[in-house]
Amino acid sequence: WDQEGNLHFQCTALQIIFSLFRRKLFEYGSIFLGLGSGVCGFIANHSFRRILNISQAGVVTTLSAALIPLSSTVGVYNSLVIGPLLAGDLSCLSCAVVRGGLIGSGLGVLYPMAWAVFLNGFLATRYNTAPLPRMGNILRFWITASRPVYKKMSLALALQTMTGAYLGLRSHRTYMKMCETAQTEKWS
């Protein structure tokens with residue numbers, strides 16, 4: 001092996017590794033975003049359980065607060081970003097990035113927090129673990145009770161938004177690279 005042959009081999013190996021990484025990110029990026037959503041659901045559920053002093057139905061609420069946002073995020077990302085990319089309906093880079101970012105923020109953090117409020121609010125009402133207000137002050141109570149959780153989840157909101165936007169960017173670039181490869185193979 002001479003120096004040029006070894007260098008060519010290393011460059012080819014790196015290209016194969018990077019193309020494999022791009023393909024895996026394209027295939028499994030939605031699962032990564034969904035796992036982040038599940039973690040956010042778990043954290044929000046745990047925080048609301050502590051705020052409302054709930055000790056009943058821990059396993060059921062934890063699993064539903066983690067698994068429902070995970071599956072929703074994966075399904076929506078695949079149907080709004082990956083599906084239109086593969087169908088050729090999403091050719092705009094900024095559209096893919098914005099869609100990914102909105103899915104990351106909306107379904108990645110805000111939906112799991114709202115789901116945790118719903119689950120734990122129901123349990124607090126059912127088991128009378130926290131003093132809940134009368135009909136006139138319900139909205140103010142939930143805003144006040146949710147404020148510490150929203151502050152805690154603000155970093156997760158930024159991370160999930162950036163992750164979703166990055167995945168949208170990488171998915172679009174990978175799709176364009178696949179189209180280029182298909183075009184060059186077609187004309188070769």
**Q.** Cβ pairs under 8 Å, 6+ apart, first in region 45-61 and closer than 10 Å to ALA130 by Cα, second among the aromatic types (Phe, Trp, Tyr)
**A.** ILE54/PHE48; ILE54/TYR127
Q. Among the residues of region 30-72, how many are hydroxyl-bearing (Ser, Thr, Tyr), touching a Lys or Arg at 6+ places or on another chain (Cβ under 9 Å) and crowded, with 17+ Cβ neighbours inside 10 Å?
A. 3
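Rundown of residues vs (1) in contact with a Cys (Cβ under 9 Å, 6 or more places away or on another chain); (2) at pLDDT below 90; (3) farther than 26 Å from ILE31 by Cβ, yes/no style:
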residue	(1), (2), (3)
SER79	no, no, no
SER94	no, no, no
GLY100	no, no, no
GLY104	no, no, no
VAL117	no, no, no
SER146	no, no, yes
LYS177	no, yes, no
Q: Residue by residue through region 73-91, note down the ones that are hydrophobic (A, V, I, L, M, F, W, C) and surrounded by 14 or more Cβ atoms within 10 Å (Cβ to Cβ).
A: VAL74, VAL76, LEU80, VAL81, ILE82, LEU85, LEU86, LEU90
**Q.** Residue tally, condition surrounded by 12 or more Cβ atoms within 10 Å (Cβ to Cβ) and either part of a helix (DSSP H, G or I) or at positive phi (or both), over region 121-143
**A.** 9
**Q.** Failed condition for VAL117, given (1) under 28 Å from SER47 (Cα atoms); (2) touching a Leu at 6+ places or on another chain (Cβ under 9 Å); (3) in contact (Cβ under 8 Å) with a residue 60 or more places away in the chain; (4) not hydroxyl-bearing (Ser, Thr, Tyr)
**A.** (2)
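The values are calculated or read from the model by the stated rules, or taken from the named source; none is laboratory data. On a predicted model such as this, the values are computed, not experimentally measured, just so you know. In this analysis, Cβ positions are derived from the backbone assuming ideal geometry, glycine residues included, and neighbour counts consider all displayed protein chains.
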